[in-house]
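Working notes, structure below.
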Amino acid sequence: MSALLIVVATALPVAGAQVKPNPEWLSQKYSMFIHFGLYSQLGGVWNGKLVEEGYSEQIQSFAKIPKEDYMAVANGFNPIKWNADSVAALAKAAGMKSIVFTSKHHDGFCMYHSKYTDYNIVDATPFKRDVMKELADACHRYGIKFAVYFSLIDWNFPGNHITPHNADDVSPEHHSFNMKQVEEIMTGYGPISEIWFDMGSLTSEQSKELYDLVTRLQPGCMISGRLGNDRGDFSVMADNQIPDYKIGTPWQTAASFFSETWSYRSWQERGDIGLKIREKLSSLVKVVSRGGNYLLNIGPRGDGSVVEFERDALLEMGKWINRYAEAIYGTQANPLDHSPVWGDITSKGGNVYLFVEQMPENRVVEVDGLVGDVASATLMAGGNALPVEHSGQSVRVSIPKDVQPDNGFTLVKLAFNGGFRAVPGEIVDTDTLTVRNAIPTYAYSSMDYYSSFRSTVGYTWHFKSNEANIEPHIVYTAGNEGDVVRIVIDGDARNIVLNSGEKRPIAVGSVKWGVPRMMGPRWELFRSGKVEDGEERPMDGLEWGKPVEIPVGEKEAVYVKHTVTSDREQDILVKFGVADGFRILLNGETVSMRTFVGGLERKPEVLMLHLRKGDNELCVELYNRYGNSVEYLIDPTIPQEMRVLPLGTVELAPGGIHDCSFAPAAPANKNSDMGFRDIRIEL
């Protein structure tokens with residue numbers, strides 16, 4: 001009998017501060033972002049010329065403004081029309097639950113009274129007022145959560161230079177300066193609901209130190225994933241990005257009114273306000289229905305006034321949101337595995353909310369996959385009852401022809417007696433659960449701004465069985481030996497150490513490996529799904545299982561290519577050494593893509609490669625973050641065997657459809673890709 005350690009999970013009380021993720025942050029759904037700083041005074045114009053390249057808040061970089069000339073702008077920065085109470089009141093009327101204010105952007109100019117630099121709005125301008133303190137106090141008066149943006153790069157810090165990519169390293173001296181400024185923000189401006197770190201390329205230790213500092217001073221403060229090294233409490237999508245998939249960890253989309261800029265641009269073409277309102281409401285709905293928070297930005301003028309277009313749009317959006325608040329705030333993501341073609345869905349308690357954006361021609365809105373007793377279907381605008389039919393797992397709601405959309409949407413509330421159950425859309429009709437038939441749980445991994453990608457942090461299956469009990473086995477590779485995983489089958493949760501599994505040989509035919517070639521280096525990480533053709537050169541001195549040192553610069557990737565000739569279609573196991581960033585492509589398709597930061601254990605990967613008959617192209621991408629080289633290790637001569645571990649008897653819940661989930665038991669962080677590409681559960 002194989003050795004097996006099972007730890008049955010129990011809930012333990014947590015002493016002290018509130019456990020993250022902060023439930024108030026998760027339920028707020030909609031917030032205001034404010035880009036306001038020295039750049040606002042320029043409004044996208046330098047020396048009388050429009051600066052059309054890049055975001056206007058980075059005008060110092062894109063217009064190549066000398067440091068002394070840019071600093072002199074502070075002499076005329078006097079935002080006398082700034083009114084913190086009116087800004088907080090606008091956010092409240094717009095339906096926003098918090099405000100994220102730019103304490104310091106990349107130019108290093110502080111919009112608060114920092115004691116660590118005179119380059120701030122109190123000491124360097126004729127205004128002489130701490131606008132961030134005024135806004136923090138106003139938010140408290142209006143019942144709005146206050147939060148801050150903080151740039152991890154600072155073009156004004158001694159010795160720093162402006163670079164076009166903003167993924168700069170942070171020197172020890174600059175990091176110490178950042179730590180001091182973050183500490184003064186966390187201790188001098190009342191409760192901070194979140195801190196929105198941005199840009200830079202921190203070491204893993206720097207990210208951890210900032211995370212620990214914020215959490216120690218304000219335990220409930222949510223920390224953005226742009227802190228880097230997968231250290232944040234919530235992921236931040238790329239600017240204005242809305243994922244077309246559900247994310248299983250806390251996340252946020254930050255959006256600007258205009259994709260060209262975040263800060264005020266005097267010559268911005270704003271267009272039709274009605275279309276803009278619908279655009280932003282549609283984005284809000286999509287984000288909320290996928291389980292995220294929507295952070296919509298405004299850019300005040302240099303005099304402190306809010307642009308009327310943005311103010312009026314927010315007020316109209318607020319009226320719409322107020323009418324349908326029940327379907328937005330405190331809701332859960334779409335309970336189904338898919339989004340319907342006609343729009344989006346949220347849920348709360350025993351209710352399901354339908355955001356119909358594309359009305360079907362027959363005006364019958366169908367929802368497939370809900371089981372329960374439908375009590376009513378009502379039009380949320382006015383509360384009129386709607387004809388509804390419920391048969392099996394399908395609900396059909398008829399919308400009268402005289403019902404007109406409200407800013408592009410028709411909202412319907414489905415109420416269920418005694419709640420409802422979402423029926424899985426994908427049910428496995430086999431006794432083997434694999435990665436290929438799983439429903440992935442996605443997150444968003446971020447080493448830094450330019451090294452972010454969709455990661456996988458868990459798997460879920462819905463499977464058929466009429467048995468009362470099963471005795472499943474878990475099958476894994478030698479690379480996962482010693483890992484601790486959490487498996488939940490019909491509510492039976494077990495933490496399992498993968499050790500001493502019985503060996504199961506894999507039958508392997510003839511495989512021939514050609515001479516390896518190299519490409520690169522290139523300044524990139526996972527920049528495209530496939531590696532483009534480039535100049536290749538032979539790689540000398542490679543021996544199976546022995547590391548080879550490859551010279552490469554910081555933030556550069558090298559590629560090693562192998563031609564693998566197989567006498568048949570078959571699976572083989574190969575051992576790979578890993579780097580800061582690591583990707584395996586076989587015949588142009590990604591097999592594995594991971595980064596090893598944020599406390600993630602760095603150990604070799606053992607991956608199963610599915611070879612086709614004939615020639616196969618294997619490409620290994622190795623990304624180097626710091627230092628001047630990476631190690632390359634590959635070994636196809638390892639024992640061709642999987643490990644099989646029995647899980648003991650599991651009692652299944654009544655009914656023919658059952659649930660199983662798989663994830664690391666104690667991940668180093670919430671957003672790093674977990675690996676386990678070859679895990680199987682045999683029922």
Can you find even one residue in the stretch 429-438 that is more than 30 Å from SER672 (Cα to Cα) and in contact with a Lys or Arg (Cβ under 6 Å, 6 or more places away or on another chain)? yes
With the condition kept exactly as written, say whether any residue in the stretch 415-422 is within 30 Å of TRP196 (Cβ to Cβ) and crowded, with 21+ Cβ neighbours inside 10 Å. no
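GLY425 - would you say it is touching a residue at least 12 places away in the same chain (Cβ under 8 Å) and not in a strand (DSSP E or B)?
The answer is yes for GLY425.
Among ALA443, ALA415, which is more than 30 Å from LEU227 (Cα to Cα) and either assigned to a strand (DSSP E or B) or outside the structural domain of GLY491 (by TED's automatic domain parsing) (or both)? Break it down into steps so the answer makes sense when it comes.
Numbers: ALA443 fails: more than 30 Å from LEU227 (Cα to Cα).
From the options ALA443, ALA415, the qualifying one is ALA415.
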Selection count where residues are modelled with pLDDT under 95, more than 11 Å from the chain's Cα centre (by Cα) and surrounded by 17 or more Cβ atoms within 10 Å (Cβ to Cβ), scope the stretch 230-255: 1
Going by the structure shown, is VAL644 part of a strand (DSSP E or B) and either at pLDDT 95 or above or assigned by TED's automatic domain parsing to the domain that holds ASP571 (or both)? yes
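Rundown of residues vs (1) acidic (Asp, Glu); (2) touching a Cys at 6+ places or on another chain (Cβ under 7 Å), yes/no style:
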position: GLN206; (1), (2): no, no
position: VAL214; (1), (2): no, yes
position: ILE223; (1), (2): no, no
position: ASP239; (1), (2): yes, no
position: THR249; (1), (2): no, no
Going residue by residue through the stretch 46-55, is there one that turns out to be in a helix (DSSP H, G or I), out of contact with any Asp or Glu (no Cβ under 8 Å at 6 or more places or on another chain) and farther than 15 Å from GLU260 by Cα? no
Could you say whether any residue in the stretch 392-406 is without any contact (Cβ under 8 Å) to a residue 24 or more places away in the chain and under 34 Å from the mean Cα position of the chain (by Cα)? no
Buried (at least 18 other Cβ atoms within 10 Å of the Cβ), assigned by TED's automatic domain parsing to the domain that holds ASP402, on the phi < 0 side of the Ramachandran plot and in contact (Cβ under 8 Å) with a residue 40 or more places away in the chain, is that true of VAL365? yes
Where in the stretch 528-596 are there strands (runs of 3 or more DSSP E), lying wholly inside it, with at least 3 residues that are of a type outside the set (Phe, Trp, Tyr) and over 16 Å from LEU622 (Cα atoms)? 556-566, 570-576
All but one of (1) under 27 Å from the mean Cα position of the chain (by Cα); (2) surrounded by fewer than 17 Cβ atoms within 10 Å (Cβ to Cβ); (3) of a type outside the set (A, V, I, L, M); (4) within 30 Å of PRO424 (Cβ to Cβ) hold for GLY588; which doesn't? (4)
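For SER661, indicate whether it is in contact with an Asp or Glu (Cβ under 8 Å, 6 or more places away or on another chain) and of a type in the set (S, T, N, Q).
So SER661 does not fit the description; no.
The values are calculated or read from the model by the stated rules, or taken from the named source; none is laboratory data. Worth saying up front: this structure is predicted, and the values here are computed from it rather than measured. Glycine also receives a Cβ, built like all others from the backbone with ideal geometry; neighbour counts cover every protein chain displayed.
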